[in-house]
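Written out below as structure tokens is the structure these notes cover.
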């Protein structure tokens with residue numbers, strides 16, 4: 001069944017026109033649970049342009065969660081609400097293309113618009129101001145760590161502590177993400193960059209064997225209740241092998257894709273160092289630096305992996321979910337759970353078909369329960 005979302009959006013300009021930013025939040029339409037947020041600094045613009053940018057960002061965030069969803073947009077801008085509802089004409093040339101862009105995100109019959117007073121739009125307003133503050137400091141807005149979904153279900157039976165991700169009963173029932181890296185591909189033993197911008201290789205014979213061993217181990221534990229995976233070929237093959245053994249369906253999540261390594265795809269670290277030494281040094285020194293060409297920064301990955309995590313936590317509160325992904329997204333989720341700095345990713349080993357586990361509690365805390373477990377491969 002398609003989801004129903006509420007998008008709250010806002011924008012502002014300090015000077016009108018002046019330094020401007022936007023903010024938007026996406027909530028589950030049934031529970032009110034916050035499932036995504038977006039913000040950005042857009043330079044010199046008017047309040048109305050910033051408000052339209054917030055609307056577009058909120059719609060795109062909702063579309064990333066479920067492109068088949070219906071959306072109720074709520075804004076304190078009467079102008080935007082009336083214009084997007086079709087009751088007022090859009091005469092200003094700066095807003096006409098923005099309104100047209102907003103209408104392309106979802107079909108018109110799946111989006112409604114409601115005006116709300118400013119005091120009921122505080123979260124989107126806060127994000128817009130955070131974005132403007134970031135722009136004034138010469139940087140882009142980045143999301144703050146978010147609390148996981150509230151656990152509303154009664155405690156579930158858990159496996160014994162030695163299983164690696166059992167929870168202390170006195171802390172309540174957590175949502176547990178068991179993180180499985182895909183099995184080997186032909187590029188894995190050669191240690192070549194293999195991200196979402198490359199050839200999308202399939203599992204090798206060894207990788208398929210590793211997926212089978214992971215399936216056996218997870219079936220033996222017997223606690224997995226759902227499977228979510230990156231849609232790339234190697235993760236699909238790994239997830240489908242495990243899911244078939246567990247009798248579960250696989251749900252695919254775009255935010256779990258590997259980072260795009262741009263022009264480094266298919267190269268070894270030594271080859272990248274030889275061809276792009278300055279870009280590599282910058283990448284190793286800053287999470288905001290991108291691989292050469294169309295590469296994706298770890299800061300961008302952190303944002304989308306965090307949104308994917310929040311979506312999973314909101315969908316499966318109190319459950320144990322197998323998440324099949326790649327080196328960089330899994331390391332990112334581990335890093336965020338620990339509250340560790342971005343460069344900690346370079347200090348983690350994550351083998352092919354290895355298991356990690358993180359538990360998320362209703363009070364906002366996370367607990368790393370397992371890291372790089374390969375005992376099922378021995």
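The values are calculated or read from the model by the stated rules, or taken from the named source; none is laboratory data. In this text the structure is predicted, and so the values were computed from the model without any measurement. Here the Cβ positions follow ideal geometry from the backbone for every residue, glycine too, while neighbour counts run over all protein chains shown.
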Does the range 300-316 include one or more residues that are within 17 Å of residue 34 (Cβ to Cβ), surrounded by fewer than 20 Cβ atoms within 10 Å (Cβ to Cβ) and in contact with a strand residue (DSSP E or B) (Cβ under 6 Å, 6 or more places away or on another chain)?
-> yes
What are the residues in the range 1-39 that are within 26 Å of residue 313 (Cβ to Cβ) and out of contact with any strand residue (DSSP E or B) (no Cβ under 6 Å at 6 or more places or on another chain), if any?
-> 1, 2, 3, 30, 31, 32, 33
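Output the residue which, of all residues in the range 207-228 that are touching a strand residue (DSSP E or B) at 6+ places or on another chain (Cβ under 8 Å) and in a helix (DSSP H, G or I), is nearest to residue 183 (Cα to Cα).
Step one: of the range 207-228, the residues touching a strand residue (DSSP E or B) at 6+ places or on another chain (Cβ under 8 Å) are 214, 217-218, 223-228.
Okay, now just the ones that are also in a helix (DSSP H, G or I), so 214, 217-218.
Working: 214: 9, 217: 14, 218: 15 Å.
Among those that are touching a strand residue (DSSP E or B) at 6+ places or on another chain (Cβ under 8 Å) and in a helix (DSSP H, G or I), it is 214.
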Which members of the range 240-261 meet the condition of being surrounded by fewer than 20 Cβ atoms within 10 Å (Cβ to Cβ), assigned to a helix (DSSP H, G or I) and within 20 Å of the chain's Cα centre (by Cα)?
-> 254
Extreme residue, farthest from residue 53 (Cα to Cα), among residues of the range 93-124 that are assigned to a helix (DSSP H, G or I), in contact (Cβ under 8 Å) with a residue 40 or more places away in the chain and out of contact with any strand residue (DSSP E or B) (no Cβ under 6 Å at 6 or more places or on another chain) | 120
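Report whether or not residue 277 is at negative phi, within 25 Å of the chain's Cα centre (by Cα) and surrounded by fewer than 20 Cβ atoms within 10 Å (Cβ to Cβ). Even if it seems obvious, please write down each step before you answer.
Numbers: at negative phi: yes; within 25 Å of the chain's Cα centre (by Cα): no; surrounded by fewer than 20 Cβ atoms within 10 Å (Cβ to Cβ): yes.
No: the conditions fail for residue 277.
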Which numbered condition residue 352 misses (of (1) part of a loop (DSSP other than H, G, I, E, B); (2) surrounded by fewer than 21 Cβ atoms within 10 Å (Cβ to Cβ)) | (2)
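Which one of these is at pLDDT below 95 and part of a helix (DSSP H, G or I): 282, 287? Walk me through it before giving the result.
Values: 287 fails: part of a helix (DSSP H, G or I).
Unique residue meeting the criteria: 282.
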Does residue 266 count as in a loop (DSSP other than H, G, I, E, B), in contact with a helix residue (DSSP H, G or I) (Cβ under 6 Å, 6 or more places away or on another chain) and either in contact (Cβ under 8 Å) with a residue 60 or more places away in the chain or closer than 24 Å to residue 223 by Cβ (or both)?
-> no
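Residues checked against (1) in contact with a helix residue (DSSP H, G or I) (Cβ under 8 Å, 6 or more places away or on another chain); (2) assigned to a loop (DSSP other than H, G, I, E, B):
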site	(1), (2)
9	yes, no
15	no, yes
49	yes, no
53	yes, no
56	yes, no
59	yes, no
72	no, no
82	no, no
91	no, yes
Do we find that residue 72 is surrounded by fewer than 22 Cβ atoms within 10 Å (Cβ to Cβ), within 19 Å of the chain's Cα centre (by Cα) and under 16 Å from residue 106 (Cα atoms) in this structure?
-> no
